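Everything below concerns the one structure shown next.
The values are calculated or read from the model by the stated rules, or taken from the named source; none is laboratory data. Quick caveat, the model's predicted, so the values are computed rather than measured. Note: ideal-geometry Cβ built from the backbone for every residue, glycine included; neighbour counts use all protein chains shown. Accessible surface areas use protein heavy atoms only, side chains included; no ligands, DNA or RNA. Shrake-Rupley method; radii C 1.70, N 1.55, O 1.52, S 1.80 Å.
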Amino acid sequence: MDRRETIKSLFVTSLAGGLVLQSCAPDKVDSVEVVPADKTNVYGRTPEEAKRDKDLFSEIYFTEHEIETIAVLSDIILPSNDSYGSATDAAVPDFVEFMSKDLPYHQLPLRGGIMWLDSQSNKLYNSEFVKCTHEQQISLVDRIAYPLDAKPEMAAGVKFFSLMRNLTLTGYYTTEMGIKDLGYKGNQPNVWDGVPDDVLKEHNLEYDPEWIPKFVDQSKRDVQAQWDDDGNLIS
Amino acid sequence: MQIKETPKQYDVIIVGSGAGGGMATKILAEAGLKVAVVEAGPYFDPKDPKQKTQLKWPYESPRRGASSVRPFGDFDSAYGGWEIPGEPYTQKPGTQFDWFRSHMLGGRTNHWGRISLRFGPRDFKRKDSDGLGDNWPIGYEDVKPYYDKVDKLIGVFGTKENLPNEPDGFFLPPPKPRLHELYYMKGAKKVGVPVIPARLSMLTKRINEDRGICFYCGQCSRACGVYADFSAGTCLIFPAMKSGGQIDLFVNSVVREVTTDSQGKATGVIYISKEDKKEYALQGKMVVLAASACSSARILLNSKSPVHPQGLGNNSGIVGKYLHDSTGTSRSAFIPGLINRKTYNEDGVGGMHVYTPWWLDNKKLDFPRGYHIEVWGGMGMPSYGFGFNVSEMNKHVGGTVGGYGNKLREDVKKFYGSTMGVSGRGESIALESNYCEIDPNVVDEFGIPVLRFNYQWTDHERLQAKHMHETFESVIDAMGGVALGEKPGEDKDYGLLNPGRIIHEVGTTRMGNDPAKSVVNKFQQLHDANNVFIVDAGPFVSQADKNPTWTILALSWRTSEYIIDELKKQNI
Ligand SMILES: Cc1cc2nc3c(=O)[nH]c(=O)nc-3n(C[C@H](O)[C@H](O)[C@H](O)COP(=O)(O)OP(=O)(O)OC[C@H]3O[C@@H](n4cnc5c(N)ncnc54)[C@H](O)[C@@H]3O)c2cc1C
Ligand code: SF4
């Protein structure tokens, strides 16, 4: 079975025990396409780089149990809301799997962290983390999600959860859905003409009147530049 | 191994196609010379869909643009970095120089920051004011006409400011500052630090029919597909080829040495083809080295012959010495006034819209040379690292650190675009004791002996970095911001980055009138072989508190005109 499918289906099974899928709001963006394994040359790779990507995609680092745990955790970190999908809808587990091979220093903290989490949940609930009820999972997560309040004996878990939180946030907010959620509006042709007036007002700022004439007059951007002998722009 | 000869004789062989090589190619080819450009890296055109990274989204990269492969991330257009597999360099024990190379047509100009500053009159004569280092054998007035021509040919935005050591030029109009830049301006003003519009080489206005106009994607480090920013390939070499120049491009060709005759004059170069790993010889009446300061020094040192036993151009023993980089250190800041921002497209140009040129008098300070301040921040496109430790910012505004779920989603939006940073870039003193040389024990994968570096900062640079941090904190305070992290102390050299890190390495083949103390004359011509020229930053006597590339371009143009002149007079 395709690895991606595996992750998805695993997640669906694990969901049955915990989260309830939220119904789709009308404008809900609930899943994304990420780079598939066979399309590694779509972003200007050199032949060596394309090969590296391909090799990484062909390896598998996490066990199914580990990836399942990553999926459950990432959806606790970013569950879906009325407008946007969850971390797994944004294929965060795939991203974490890839990063563990791309930056191997993530491997040990993630693998060890998952083991740590399972030991804790065995102690507390006599069950692996993914097999716990949602309430049990949350109660354990609450002990490691707040670095300033966590008990000293939870330190290893705090570290692990912070790493998972970081990777989940990057994994989510770098997808099409996440970017929309965030509100980033760039990466497209634009004509920058300064901070919008309402924003300037809100921040009690203005462009120095002395500076205004110096700035580019965007209505003349297509008029070829010409200068007088003293370097004054005359076009 | 047999060296393969090409029967063709070139008027000039140019080694390297970055800023210096690109400019020489254009001027010399347009003067009708038969030019061979020998470049170690592949052909590169940012418009080519196979190489293009501009306007890609983070999710088009499986690592979301992380810097695992390319040092400034997946979308940055540098084929190279601090380390290149198969091409090592070594260090003298106890010293550290980080060498950034990128091998591709256009060299590092494909992804440079485009900060395009002229050196000022004082920058050529620093010894006059503080007795340190040496003066250049030329002055601002010698270079000014070429700066003017570079401005008009390539395009740079900026404003006339009439400052004593920040010469004005032929500027395109600058873009308006972004919101965090307005905050910076306000803070800086309060503490007496001047701010002026930045001077960067992107076309905010049409300059000719061959190049597009900037559409404000903020991605110049990816190289502009419509050629609206300066890269040596798109703005110099392609146009020169288009206008009928006789240019043969040899890409993936690594020059090992310059060959010389029994009189010691250059006859051509030997290069190794990356494609078949064989050696080839090219014949040329002249050789122009533009492989970047350290690479050109390496080629010279590896070009030994009975007439040049210490390496070509090295009778003085000066080749490789006086290597120096700009100083640099940075601080980031959280600006509570910028939380919960309204989002809009503020990508702007791929760089800062305002900056602070050096404004103080070193006679009143405990370090000899100045620095400028660069500003960064804004609501940028998310990529690998986005959201890392975002909730920690809460400790500055009384919120809860950590958490998950809806609270975390809110944190991300709350703090998006609320951090910014400042970087100081300063002038160091060129010292004979800082150098690169050939490591006799190590060769690269092409069998070419590699460079070994020896470089140490002095208190001049450390105290300057200390001052930078004091300035940063006072400006950040005045902005109502919170400086993040610790202010680096003496134990950390005040945050001064390793030499090499600012990627303004210059000085390895310094210019001078005295052949015993310099490698090239004031026209960048070797004292020891009059048909060899160096047009990268090797000839710089001192690196100002500016970035070097505009001066590389101007001097390369000046040298190219000198070459044409000397050919007419039959002096070469
Ligand atoms: C991230 C970054 C940001 C920068 N920002 C700025 C900035 O804002 N302003 C500024 O002024 N400067 C900036 N710089 C510095 C600027 O890029 C360099 O000063 C400039 O590119 C140097 O030009 P060059 O021609 O000497 O060398 P390069 O541009 O490095 O070109 C040298 C070329 O020679 C080739 N070469 C090397 N060895 C050999 C060999 N043995 N045989 C054949 N070919 C060879 C290389 O492959 C390369 O293509 C920046 C640099 C970097 C990396
Ligand atoms: S910011 Fe402007 S010049 Fe730079 S890459 Fe984008 S369009 Fe080109």
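A few remarks follow.
- Taking (1) open to solvent by 30 Å² or more (accessible area, probe 1.4 Å); (2) part of a loop (DSSP other than H, G, I, E, B) in turn, B:PRO382 satisfies each apart from (1).
- Of the helices (runs of 4 or more DSSP H) that lie entirely inside region B:107-205, those containing 1 or more residues that are among the charged types (D, E, K, R) and within 11 Å of chain A (Cβ to nearest Cβ) span B:140-154, B:179-190.
- Selection status of A:LEU163, in contact with a Ser or Thr (Cβ under 7 Å, 6 or more places away or on another chain), in a helix (DSSP H, G or I) and more than 8 Å from chain B (Cβ to nearest Cβ): no
- Qualifying residue in region B:100-113 (condition: among the charged types (D, E, K, R), more than 26 Å from B:THR419 (Cβ to Cβ) and modelled with pLDDT of 95 or more): yes
- Scan of region B:206-226 for residues that are at the interface with another protein chain (Cβ under 7 Å from one of its Cβ atoms), more than 23 Å from B:PRO548 (Cα to Cα) and within 7 Å of ligand 2 (Cβ to nearest atom), ordered by number: B:PHE215, B:TYR216, B:CYS217
- Being within 13 Å of ligand 2 (Cβ to nearest atom) and open to solvent by 10 Å² or more (accessible area, probe 1.4 Å) is a property that does not hold for B:ILE247.
- Condition check for B:ILE438: within 15 Å of ligand 1 (Cβ to nearest atom), out of contact with any Ser or Thr (no Cβ under 8 Å at 6 or more places or on another chain), modelled with pLDDT of 95 or more and part of a strand (DSSP E or B): yes
- Annotation: of all residues in region A:173-210 being of a type in the set (S, T, N, Q) and at negative phi, the one that is farthest from the chain's Cα centre (by Cα) is A:ASN190.
- Among helices (runs of 4 or more DSSP H) entirely within region A:1-87, having at least 2 residues that are modelled with pLDDT under 50 singles out A:3-16.
- Apart from one condition, A:GLY194 fits all of (1) loosely packed, with under 14 Cβ neighbours inside 10 Å; (2) modelled with pLDDT of 95 or more; the exception is (1).
- Cross-chain or 6+ apart pairs with Cβ under 8 Å, region A:219-232 first and assigned to a strand (DSSP E or B), then among the aromatic types (Phe, Trp, Tyr): A:TRP227/B:PHE170
- Filtering region B:11-63 to residues that are among the hydroxyl-bearing types (Ser, Thr, Tyr), crowded, with 24+ Cβ neighbours inside 10 Å, part of a loop (DSSP other than H, G, I, E, B) and within 16 Å of ligand 1 (Cβ to nearest atom) leaves B:SER17, B:THR53.
- Selected residue (only one of B:GLY481, B:GLY489 is surrounded by 19 or more Cβ atoms within 10 Å (Cβ to Cβ), over 21 Å from the mean Cα position of the chain (by Cα) and modelled with pLDDT of 95 or more): B:GLY481
- Given (1) part of a loop (DSSP other than H, G, I, E, B); (2) at the interface with chain B (Cβ under 10 Å from one of its Cβ atoms), number of the condition A:THR170 does not satisfy: (1)
- Qualifying residue in region B:81-100 (condition: away from ligand 2 (no atom under 16 Å from the Cβ), at the interface with another protein chain (Cβ under 8 Å from one of its Cβ atoms) and part of a loop (DSSP other than H, G, I, E, B)): no
- Check on B:GLY351, open to solvent by 10 Å² or more (accessible area, probe 1.4 Å), within 23 Å of the chain's Cα centre (by Cα), under 18 Å from B:ARG178 (Cβ atoms) and at pLDDT 95 or above: yes
- Candidate set: region A:97-125, residues that are among the charged types (D, E, K, R) and in contact (Cβ under 8 Å) with a residue 24 or more places away in the chain; chosen: the one surrounded by the fewest Cβ atoms within 10 Å (Cβ to Cβ): A:ARG111
- Among the residues listed as B:PHE472, B:PHE453, B:PHE540, the single one being within 12 Å of ligand 1 (Cβ to nearest atom), away from chain A (no Cβ under 14 Å) and surrounded by 23 or more Cβ atoms within 10 Å (Cβ to Cβ): B:PHE540
- Filtering region B:331-348 to residues that are open to solvent by 10 Å² or more (accessible area, probe 1.4 Å), at negative phi and within 13 Å of another protein chain (Cβ to nearest Cβ) leaves B:PRO336, B:GLY337, B:ILE339, B:ARG341, B:LYS342, B:THR343, B:TYR344, B:ASN345, B:ASP347.
- From the options B:LYS277, B:LYS186, B:LYS205, B:LYS265, residue that is open to solvent by less than 10 Å² (accessible area, probe 1.4 Å) and charged (D, E, K, R): B:LYS205
- Meets criteria (more than 11 Å from chain B (Cβ to nearest Cβ), without any contact (Cβ under 8 Å) to a residue 60 or more places away in the chain and either over 30 Å from A:PRO79 (Cα atoms) or not in a helix (DSSP H, G or I) (or both)) for A:PRO209: yes
- Selection of first residues in region B:7-29 that are within 16 Å of ligand 2 (Cβ to nearest atom) and of second residues that are part of a loop (DSSP other than H, G, I, E, B), restricted to Cβ pairs under 6 Å at least 6 apart or on distinct chains, gives an empty result.
- In a residue-by-residue description of region B:216-239, the property of being aromatic (Phe, Trp, Tyr), farther than 25 Å from B:ALA290 by Cα, crowded, with 18+ Cβ neighbours inside 10 Å and away from ligand 1 (no atom under 15 Å from the Cβ) applies to at least one position.
- Qualifying residue in region A:198-205 (condition: part of a loop (DSSP other than H, G, I, E, B), of a type in the set (A, V, I, L, M, F, W, C), open to solvent by 70 Å² or more (accessible area, probe 1.4 Å) and within 9 Å of another protein chain (Cβ to nearest Cβ)): no
- Every condition in (1) within 12 Å of chain B (Cβ to nearest Cβ); (2) of a type in the set (Gly, Ala, Ser); (3) open to solvent by 30 Å² or more (accessible area, probe 1.4 Å) is met by A:ALA156 except one, and the failing one is (1).
- Restricting attention to region B:88-130, the residues that are surrounded by fewer than 18 Cβ atoms within 10 Å (Cβ to Cβ) and not small (Gly, Ala, Ser) total 13.
- Top-ranked residue in region B:298-310 [being assigned to a loop (DSSP other than H, G, I, E, B) and touching a residue at least 60 places away in the same chain (Cβ under 8 Å); ranked as least open to solvent (accessible area, probe 1.4 Å)]: B:HIS308
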